Amino acid sequence: MLERILITGAGGQGVILLGRLLASSAVEHIPHITFFPSYGAEVRGGTSVCQVILSAKEIASPLSETFDSILVMNQISLENVIRQMKKNCLVLVNSSLCKIPPVSSKVVSVDATRLADNLGDTRVANFIMLGAYLAAKPVVTPLQAEKSIRELLAGKNMSLIELNIKAFRTGLES
Amino acid sequence: MATRVLMTGNDAIGEAAIRAGCDAYYGYPITPQNEITAFMALHMPENNRVFIQAESEISAINMVFGTAAAGKRAMTSSSSPGISLKQEGISFLAGAELPAVIVNVQRGGPGLGNIAPSQSDYFQATKGGGHGDYHQIVLAPDSVQEMHDLTILAFKLAGKYRTPVMILTDGRLGQMMEPLILYKGTPPPMQRKAWAVNGAINRKPNFIRSLYLVEGELETLNIKLQKKYAGIRQKEIRCEKRLTQDCEVLLVAYGTSARIAKGAIASVRAAGIRAGLLRPITLWPFPYDAIARIAKHVKGVLVVEMSSGQMLEDVKLAVNGHVPVFFEGRMGGGVPLESSIVKKIKSISRRKIMTGH
């Protein structure tokens with residue numbers, strides 16, 4: 001298998017956490033994994049990008065030029081990556097904050113930010129996106145993802161962990 | 001199978017240093033190596049070790065000198081401009097024959113450059129960035145697993161040879177996350193350091209220095225150092241060979257560039273072109289002989305680097321004019337593309353070789 005995922009959104013939307021979580025969910029059963037964040041002189045409110053590659057074979061570069069899936073959290077980021085949305089690519093857009101792009105990719109719209117608001121915290125939109133992505137492409141099982149959420153948030157208060165799990169399940173069923 | 005964990009390359013270095021028994025870490029912030037300093041700030045005190053954020057890079061390397069002189073294991077890390085500042089200290093460590101581990105998570109240069117990954121500090125690392133006739137051992141990981149494993153090795157080699165050891169990596173390997181298996185062994189045992197300045201109880205005072213003014217003394221030290229370096233050249237050369245048995249095009253690359261070269265080789269092999277890779281793991285000592293042996297049966301050699309061609313010079317020395325040596329590189333934070341490497345391999349493989357000479 002080879003799954004190259006690009007995740008992008010506004011700084012603060014949890015793009016990096018979403019990528020790290022996806023990568024760590026795969027550690028037990030996918031042989032080769034890379035996670036690469038955009039790092040650098042980023043400013044608050046700027047764009048945040050990361051790439052996750054899951055592969056049966058060795059990964060040469062953690063940065064890909066073509067993607068099997070693209071997850072987009074806001075409109076500015078969407079415009080930055082619209083040219084990457086090729087025919088065989090699955091695109092998930094946070095339709096609360098993005099227009100549906102006119103591309104040849106298969107586009108799944110997820111009302112992530114609104115659903116997150118309904119759960120009481122706009123910040124969990126990222127895990128709603130993760131749930132929706134895994135529903136469309138089950139590269140890891142929901143159980144593995146939930147285990148990773150608990151591990152990643154270990155030490156935080158229980159209600160926060162449960163809220164994130166709930167967000168993930170909401171996305172899975174959306 | 002042992003449990004794998006997901007970590008950034010920078011964190012994997014920090015974790016390895018602690019597992020290797022690093023007694024003290026001194027650092028000063030600079031991107032893209034900040035995760036090492038942050039990791040050590042959190043975890044060194046937890047393990048009852050010393051962490052100090054120094055007031056400058058120069059201060060940090062001299063704190064390393066002090067710790068090493070007292071017979072303890074010390075490490076510092078930085079990125080290119082910060083490593084330039086440490087060069088005087090590294091020369092002093094070499095002169096005083098003190099063990100130390102220095103990590104360079106390279107970024108684009110010259111000057112303050114940028115924060116993108118680079119391999120343009122090869123000359124500085126391998127040819128003696130400071131003054132004087134010295135070498136440091138230079139290790140070049142190409143995965144997060146190796147960032148970890150080679151840090152363990154760095155402490156072993158530093159202690160064994162009483163010499164500074166540098167881990168020469170780059171921003172991409174530092175920032176990326178990959179699964180790895182953590183070192184489970186115990187820290188290598190600390191031999192009694194009869195030379196350390198750690199309290200002269202029931203013995204004559206020790207004296208650690210790199211200043212030798214009496215005529216002939218400094219030459220004697222240099223002869224001793226060169227003898228030590230000859231031993232390191234004999235015993236410590238490490239490299240990875242991939243598909244070099246039957247190759248007609250030999251690639252030579254290290255670190256991030258080697259990763260991309262591996263991708264290029266897999267893709268041309270699928271098209272029936274026999275390319276292979278020699279990846280130096282030690283950049284000093286350099287695997288001249290291993291390259292020379294393979295170069296005997298290839299049409300050409302291709303060096304891939306994130307620089308204007310620095311390791312290229314060592315590869316040319318190794319090949320010694322036997323076959324042409326080509327170069328594919330990017331500078332200033334650029335990273336070579338797999339597609340451009342593939343193109344170069346293809347053009348080398350089409351070369352006609354004169355036979356019967």
Legend entry - Among the candidates B:N222, B:N202, residue that is over 23 Å from B:R73 (Cα atoms), out of contact with any Ser or Thr (no Cβ under 7 Å at 6 or more places or on another chain) and modelled with pLDDT under 95: B:N202
Legend entry - the range A:88-99, subset farther than 17 Å from A:I128 by Cβ and open to solvent by 40 Å² or more (accessible area, probe 1.4 Å), residue modelled with the highest pLDDT: A:K99
Inset, instruction - Might you let me know whether the range A:118-129 holds any residue that is outside any helix (DSSP H, G or I) and away from chain B (no Cβ under 14 Å)? - result: yes
Inset, instruction - List every residue pair whose Cβ atoms sit under 8 Å apart, with the two residues 6 or more apart in sequence or on different chains, where the first one lies in the range A:146-165 and is part of a loop (DSSP other than H, G, I, E, B) and the second, anywhere, is among the polar types (S, T, N, Q). - result: A:L153/A:N164
Inset, instruction - Report, ordered by the first and then the second residue, all pairs with beta carbons closer than 7 Å, sequence separation of six or more or different chains, a first member in the range B:57-85 that is within 25 Å of B:N198 (Cβ to Cβ), and a second member that is open to solvent by 10 Å² or more (accessible area, probe 1.4 Å) and acidic (D, E). - result: B:T67/B:D23; B:K72/B:D23; B:R73/B:D23; B:A74/B:D23
Legend entry - Tabulated pairs, the range B:26-37, first farther than 13 Å from B:S56 by Cβ, second open to solvent by 10 Å² or more (accessible area, probe 1.4 Å) and polar (S, T, N, Q), C-beta under 9 angstrom, 6+ apart or interchain: B:P32/B:Q175; B:E35/B:T8; B:E35/B:Q175; B:T37/B:Q53
Inset, instruction - Taking the residues in the range B:336-348 that are open to solvent by less than 60 Å² (accessible area, probe 1.4 Å) and of a type outside the set (S, T, N, Q) as candidates, determine which candidate is farthest from the other protein chains (Cβ to nearest Cβ). - result: B:I348
Legend entry - Any chance A:T8 is away from chain B (no Cβ under 14 Å), at pLDDT 95 or above and either in a helix (DSSP H, G or I) or on the phi > 0 side of the Ramachandran plot (or both): no
Inset, instruction - For residues that are surrounded by fewer than 21 Cβ atoms within 10 Å (Cβ to Cβ) and polar (S, T, N, Q), scanning just the range A:42-72, find the one that is farthest from the other protein chains (Cβ to nearest Cβ). - result: A:T47
Legend entry - Breaking point among (1) open to solvent by 10 Å² or more (accessible area, probe 1.4 Å); (2) of a type in the set (A, V, I, L, M, F, W, C); (3) under 20 Å from the mean Cα position of the chain (by Cα), for B:M311: (1)
Legend entry - Residues that are touching a residue at least 40 places away in the same chain (Cβ under 8 Å) and over 15 Å from A:L134 (Cα atoms), drawn from the range A:103-112: A:D111
Inset, instruction - Determine which single condition A:R83 fails, assuming it passes every other condition in (1) away from chain B (no Cβ under 14 Å); (2) under 18 Å from A:M129 (Cα atoms). - result: (2)
Inset, instruction - May I ask you to list the residues in the range B:236-279 that are more than 14 Å from every other protein chain (Cβ to nearest Cβ) and aliphatic (A, V, I, L, M)? - result: B:I237, B:V249, B:L250, B:V252, B:A271, B:I273, B:L278
Inset, instruction - Please verify whether the range A:115-128 includes one or more residues that are in contact with a Cys (Cβ under 9 Å, 6 or more places away or on another chain) and open to solvent by 10 Å² or more (accessible area, probe 1.4 Å). - result: no
Inset, instruction - Scan the range B:327-335 and give yes if some residue there is more than 30 Å from B:P81 (Cα to Cα) and either open to solvent by 20 Å² or more (accessible area, probe 1.4 Å) or away from every other protein chain (no Cβ under 14 Å) (or both), otherwise no. - result: no
Inset, instruction - Considering only residues that are open to solvent by 10 Å² or more (accessible area, probe 1.4 Å) and small (G, A, S), look in the range B:172-194 and name the one that is farthest from the other protein chains (Cβ to nearest Cβ). - result: B:A194
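The values are calculated or read from the model by the stated rules, or taken from the named source; none is laboratory data. These figures come from a predicted structure and were not determined experimentally. Reconstructed Cβ throughout: ideal geometry from the backbone, glycine too, with neighbour counts over all protein chains shown. Ligands, DNA and RNA are excluded from the accessible area calculation, which covers all protein heavy atoms including side chains. Shrake-Rupley method; radii C 1.70, N 1.55, O 1.52, S 1.80 Å.
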